[in-house]
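Peer 1: Supplied in structure tokens, the structure appears directly below.
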Amino acid sequence: MPTVARTSRTDAGLASELRLGVMRLRRRLIAERDPANPLSAGAMAVLGVLFRHGEATPGELAAAERVRPPSMTRTVAALAEGGYVERHQHPEDGRQVVVRITEAGRRTVLADRARRDAWLTRRLAGLDAEEREALRRAAPILDRLAQSD
């Protein structure tokens, strides 16, 4: 059976190892969510976009999350019903709706991030300085990969 070091020598092998590691970490971070939080991972992702980038139309949110507009419309409706976002008329195009995160949505995002960041901080403490430095260098690269088309 090939080892990680051997498989990662090729770009295809590296891609496979990264995919596996990132997906496992994603699953683990999702598992670390507050069990009392009723929102799905997708709904939390939408709140995260609004928290980071400010208000947006449902179409812009759908593009950011790479989902179809009707799915985003349902997600936004559920978030609005729960008081996590509010919708208002677009200031320049009255046919469009703009979605804005509420204070309850902000608190939910911050609490969720704090819980998962605390879990990850505890895991990072178990790594040596060289491993943490490698992750510091890799973090912006992984983010750039995630944002690319």
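Peer 1: Checking ARG74 against (1) among the charged types (D, E, K, R); (2) assigned by TED's automatic domain parsing to the domain that holds ARG100; (3) under 25 Å from SER148 (Cβ atoms), which single condition isn't satisfied?
Peer 2: Against the list (1) among the charged types (D, E, K, R); (2) assigned by TED's automatic domain parsing to the domain that holds ARG100; (3) under 25 Å from SER148 (Cβ atoms), ARG74 comes up short only on (3).
Peer 1: Here's something else I'd like to know. Among the helices (runs of 4 or more DSSP H) contained in segment 31-139, which hold 2 or more residues that are farther than 30 Å from LEU18 by Cα?
Peer 2: Filter on segment 31-139 gives 58-65, 69-81, 103-125.
Peer 1: Could you tell me whether segment 76-83 includes any residue that is at pLDDT 95 or above, within 30 Å of LEU124 (Cα to Cα), surrounded by 14 or more Cβ atoms within 10 Å (Cβ to Cβ) and not β-branched (Val, Ile, Thr)?
Peer 2: no
Peer 1: Please determine whether any residue of segment 107-122 is of a type in the set (A, V, I, L, M, F, W, C), touching a Phe, Trp or Tyr at 6+ places or on another chain (Cβ under 9 Å), surrounded by 11 or more Cβ atoms within 10 Å (Cβ to Cβ) and under 30 Å from GLU60 (Cα atoms).
Peer 2: yes
Peer 1: State the number of residues belonging to segment 50-68 that are surrounded by 17 or more Cβ atoms within 10 Å (Cβ to Cβ) and either within 12 Å of the chain's Cα centre (by Cα) or not assigned by TED's automatic domain parsing to the domain that holds ARG106 (or both).
Peer 2: Adding up the residues that qualify gives 2.
Peer 1: Answer yes or no as to whether VAL49 is under 24 Å from ALA111 (Cβ atoms) and either free of Cβ contacts under 8 Å to residues at least 24 places away in the same chain or of a type in the set (Ser, Thr, Tyr) (or both).
Peer 2: It is true that VAL49 is under 24 Å from ALA111 (Cβ atoms) and either free of Cβ contacts under 8 Å to residues at least 24 places away in the same chain or of a type in the set (Ser, Thr, Tyr) (or both).
The values are calculated or read from the model by the stated rules, or taken from the named source; none is laboratory data. Everything numeric here is computed off the predicted structure, so don't read it as measured data. Don't worry about glycine lacking a Cβ; one is built from the backbone with ideal geometry, like all the others, and counts go over all protein chains shown.
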